[in-house]
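What follows is a set of notes on a single structure, which appears directly below.
The values are calculated or read from the model by the stated rules, or taken from the named source; none is laboratory data. Note that the coordinates shown come from a computational prediction; the quantities given were computed from them, not determined experimentally. For neighbour counting, all protein chains shown are included, and Cβ atoms are generated from backbone atoms with ideal geometry for every residue, glycine included. Surface areas here come from the heavy atoms of the whole protein model, side chains and all, with no ligands, DNA or RNA. Shrake-Rupley method; radii C 1.70, N 1.55, O 1.52, S 1.80 Å.
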Amino acid sequence: GDEILVRAADLPAAAIHGTEWKKSATSDAAGGAMLLNPDKGAAKRASALASPGSYVEFTVNVAAGVPYRLWLRSQATSDSYDNDSLYLQFSGAVTATGTAVARIGTTSALAIILEDRRDAGVSGWGWSDAGYGADAPPVYFAQSGPQKIRSQQREDGIGWDQLILSSVAFKSLPGATRNDTTIVDENLGTSTGAS
């Protein structure tokens, strides 16, 4: 198996591009900080941008052919469903059959939505994946080694503190979808960290 944990608090300033995202001190976040896209009342984007002016990008080490479950812990400003989603993209993600998916430089992306299903509500921190009302399929990578991950705006007003790619330890949600207090052990994983 393979386990990867990325904490927003551990990412360097160089991971943040443009002005939409900022690192924000938050006492109940893992490591005491989250990456926040402040709420400015922007309209929801129908798709990811191939060349966004602002995004967060970092690198992790992955293994080829491993079925990773992707989980993100986030919170929505004012507990509003208008502030509860973002897009994730990868430099080399594929489906189980090897088809390119959610690639950086395209408009294809995984939409990570905090509200787990219609009318489920949003409250505080919560874990979610790219499924809406159901579990998302695993993410695979075509090659082992460094893999870029990019988050960009879908709706503004969202912040996140932990991202997990897990093949064994977290086949199901690492915590609750609402009012979550789960801080994953920072020593999780076989990688030496993210850059």
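Taking each residue of segment 62-76 that is surrounded by 21 or more Cβ atoms within 10 Å (Cβ to Cβ) and looking for partners that are of a type in the set (Lys, Arg) with beta-carbon atoms closer than 8 Å, six or more apart or interchain, yields 69/171. When restricted to residues that are in a loop (DSSP other than H, G, I, E, B) and either at pLDDT below 95 or over 13 Å from residue 160 (Cβ atoms) (or both), segment 1-27 contains 7. Could you please let me know if residue 171 is surrounded by fewer than 20 Cβ atoms within 10 Å (Cβ to Cβ), in contact (Cβ under 8 Å) with a residue 60 or more places away in the chain and not in a loop (DSSP other than H, G, I, E, B)? Taking the combined requirement at face value, the residue does not satisfy it.
Using the structure shown, decide if residue 117 is open to solvent by 30 Å² or more (accessible area, probe 1.4 Å) and at pLDDT below 95. Spelling it out, residue 117 is indeed open to solvent by 30 Å² or more (accessible area, probe 1.4 Å) and at pLDDT below 95. Applying the criterion of being hydrophobic (A, V, I, L, M, F, W, C) and buried (at least 19 other Cβ atoms within 10 Å of the Cβ) to the residues of segment 88-100, the residue that is farthest from residue 158 (Cα to Cα) is 94. Identify, please: which residue in segment 120-165 is of a type in the set (D, E, K, R) and open to solvent by 30 Å² or more (accessible area, probe 1.4 Å) and is, among those, farthest from residue 81 (Cα to Cα)? The qualifying residue farthest from residue 81 (Cα to Cα) is 148. Residue pairs whose Cβ atoms lie under 6 Å apart, separated by 6 or more positions or on different chains, with the first residue in segment 25-51 and more than 13 Å from residue 7 (Cβ to Cβ) and the second charged (D, E, K, R) and in a loop (DSSP other than H, G, I, E, B), are 37/20; 37/156; 39/156; 40/156; 42/156; 44/155; 45/154.
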